[in-house]
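Data first, discussion second: the structure below is written as C-alpha cells.
The values are calculated or read from the model by the stated rules, or taken from the named source; none is laboratory data. Quick caveat, the model's predicted, so the values are computed rather than measured. Quick reminder, even Gly has a Cβ in these numbers, built from the backbone with ideal geometry, and neighbours come from all protein chains shown.
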Amino acid sequence: MKRGVDEGVFPGGVLLVAGEGSILFLEAFGHARLLPERPMTTDTVFDLASLTKPLATAVSVMLLVQQGRVDLDQPLGTAVAEFSDTDKKDISIRQLLAHTSGLPDYQPYYEKLRVLPQKDRKRALEHLLLSEPRIHEPGTVCLYSDLGFMILQWVFETVTNHFLDRFVKTSVYGPLGIGDLFFNPLGEGPNQDRRVYAATEDCPWRGKILDGEVHDDNAYALGGVAGHAGLFGTAQAVFGLLQELLNAYSGRPNAGLFHRDVVKVFFQRQSDVGSWAMGFDTPTRPDSSSGRYFSDHSVGHLGFTGTSFWMDLEKGVIVILLTNRVHLGRTNEKIKAFRPLLHDRVMETMLKPQG
C-alpha cells in the first residue's frame, strides 16, 4: 500500500483484511485529499462507485426475491409495464443482474439530463432507457452494463413503491446496524454531516474537486441516487455487509435478513458466456483482479473510483481495498496491475504456515 502511494497508483487508500469473521488488518495510507492536504484515516468515507450494484441494488432485489415479490426469470415487460412494447420486454431480472441483458454498457445520459430541471430528470432517464435499443440477444453475450442496473432500480421502485436509497437504509443497513453505508442525495450531503470524505476527481464539467459528491456523471445528473452508482461508505461498513452475506451463505449465525438459499443463487456464476453471478463478479482466469489465490468460489466487484472487494466463500477471507485513484485523474489506470499484486501478497501472508 505504501508503494501504491509512492508510485502514484492512488493518493491514499484503506485496506481491510478479514478471516473467519474477524478483521485481521485495517490500516490507512496516504492522503484523502491533496489540496488542501488531508490525511487518510480508517474512518474516511469513499465514493464506492459501482460497488453500489452489489451492495445496494442487488441486495435490495435479493430481499424482493425472498419475499416472493420478484421472480428472477420474470420478463421485464411484466415487472415494468412501460417495457411491454419494447425490444427489452423479454429480458429477465436474472439477465439484468448477470449483465447478459443485451443492453449497451454505458451511455452519457448526463449530457441530456443536466440541462433539464432536477425534478424532470428521472422521468427523462426512463424515456431514454425505454428507447435504448438492445445490441445483443438477451442471454447470448455478457457485457457489463450500467444501464441494466439503472433499469433494476426502476424495477425495484415500481414493485415496492419505495425509493432505493431509503429502502436499503431502512431495510438492509439499519437492521444490520451499519450506519456508514449511504447515498448522498444532492442537497442533503456532506455539508450536513461530520464525516470525512476521500476526494475524487477535479471534474472538468462541474468545475471543482468532488468531495462527498458522487463522481459518476449519470448518477450525479440523477441527484446522487442511482442503481449503478452513488453509494458511499467506509471499509468497516462494507465489511459489515459482506460478512453478513458470507455468514448467511455459510450457514453461520447471522441476523436472519438474508436467506441462505437465495444468497447461494446470487453468488453462483450464471452463464458460460461470462464471469458474472448476480450483481457480483467471480474470478476470471488467469487475469482476475483478485490474483492467483482466491478460489473459484469467490465473489467480488470493482468500482471506477478505485474501490473493490473480493470475498472467498471457501476460505472465509474478505479483502476490501478502497482508494481515491481518480483524484489523480480518471486516466490513471495503474490500479489494474496493482490489485492482483496486492491480493496475492495478502493471501500469501494469510496462507503461510504459522510457527
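Name the strands (runs of 3 or more DSSP E) wholly inside region 270-355 in which the number of residues that are farther than 18 Å from PHE29 by Cα and not aromatic (Phe, Trp, Tyr) is 3 or more. I'd like the intermediate steps shown before the answer.
Details: elements: 298-303, 307-312, 317-323.
Strands (runs of 3 or more DSSP E) meeting the threshold: 298-303.
Matching residues to (1) at pLDDT 95 or above; (2) under 29 Å from LEU35 (Cα atoms):
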| site | (1), (2) |
| --- | --- |
| THR305 | yes, yes |
| TRP310 | yes, no |
| GLU314 | yes, no |
| ILE318 | yes, no |
| LEU322 | yes, yes |
| THR331 | no, yes |
| ASP344 | yes, no |
| MET347 | yes, no |
Given the conditions (1) surrounded by fewer than 16 Cβ atoms within 10 Å (Cβ to Cβ); (2) charged (D, E, K, R); (3) at pLDDT 95 or above; (4) over 20 Å from LEU97 (Cβ atoms), and given that ASP287 satisfies all but one, which numbered condition is not satisfied? (3)
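To keep it simple, each residue is scored yes or no on (1) buried (at least 16 other Cβ atoms within 10 Å of the Cβ); (2) in contact (Cβ under 8 Å) with a residue 24 or more places away in the chain.
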{"position": "LEU96", "(1), (2)": "yes, yes"}
{"position": "LYS112", "(1), (2)": "no, no"}
{"position": "GLN118", "(1), (2)": "no, yes"}
{"position": "LYS122", "(1), (2)": "yes, yes"}
{"position": "GLU132", "(1), (2)": "yes, yes"}
{"position": "GLY139", "(1), (2)": "yes, yes"}
{"position": "PHE156", "(1), (2)": "yes, yes"}
Tabulated pairs, region 233-252, first at pLDDT 95 or above, second charged (D, E, K, R) and part of a helix (DSSP H, G or I), C-beta under 8 angstrom, 6+ apart or interchain: ALA248/ARG260; TYR249/ARG260; TYR249/LYS264; GLY251/ARG260
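Restricting the search to region 62-115, which residues are among the small types (Gly, Ala, Ser) and over 19 Å from SER131 (Cβ atoms)?
Of the residues in region 62-115, the ones among the small types (Gly, Ala, Ser) are 68, 77, 79, 81, 84, 92, 98, 101-102.
Listed by number, the residues that qualify are GLY68, SER92, ALA98.
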I need the full set of residues from region 204-241 which are closer than 16 Å to THR41 by Cβ, not in a loop (DSSP other than H, G, I, E, B) and not hydrophobic (A, V, I, L, M, F, W, C), in order please. GLY233, GLN236
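Would you list the strands (runs of 3 or more DSSP E) that sit entirely within region 1-113 and hold 3 or more residues that are closer than 21 Å to ASP344 by Cα?
Ranges flagged: 12-19, 22-33.
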Quick check, is VAL45 of a type in the set (A, V, I, L, M), surrounded by 22 or more Cβ atoms within 10 Å (Cβ to Cβ) and out of contact with any Lys or Arg (no Cβ under 8 Å at 6 or more places or on another chain)? no
Cβ pairs under 9 Å, 6+ apart, first in region 257-281 and among the polar types (S, T, N, Q), second assigned to a loop (DSSP other than H, G, I, E, B) and surrounded by fewer than 16 Cβ atoms within 10 Å (Cβ to Cβ): SER275/THR284
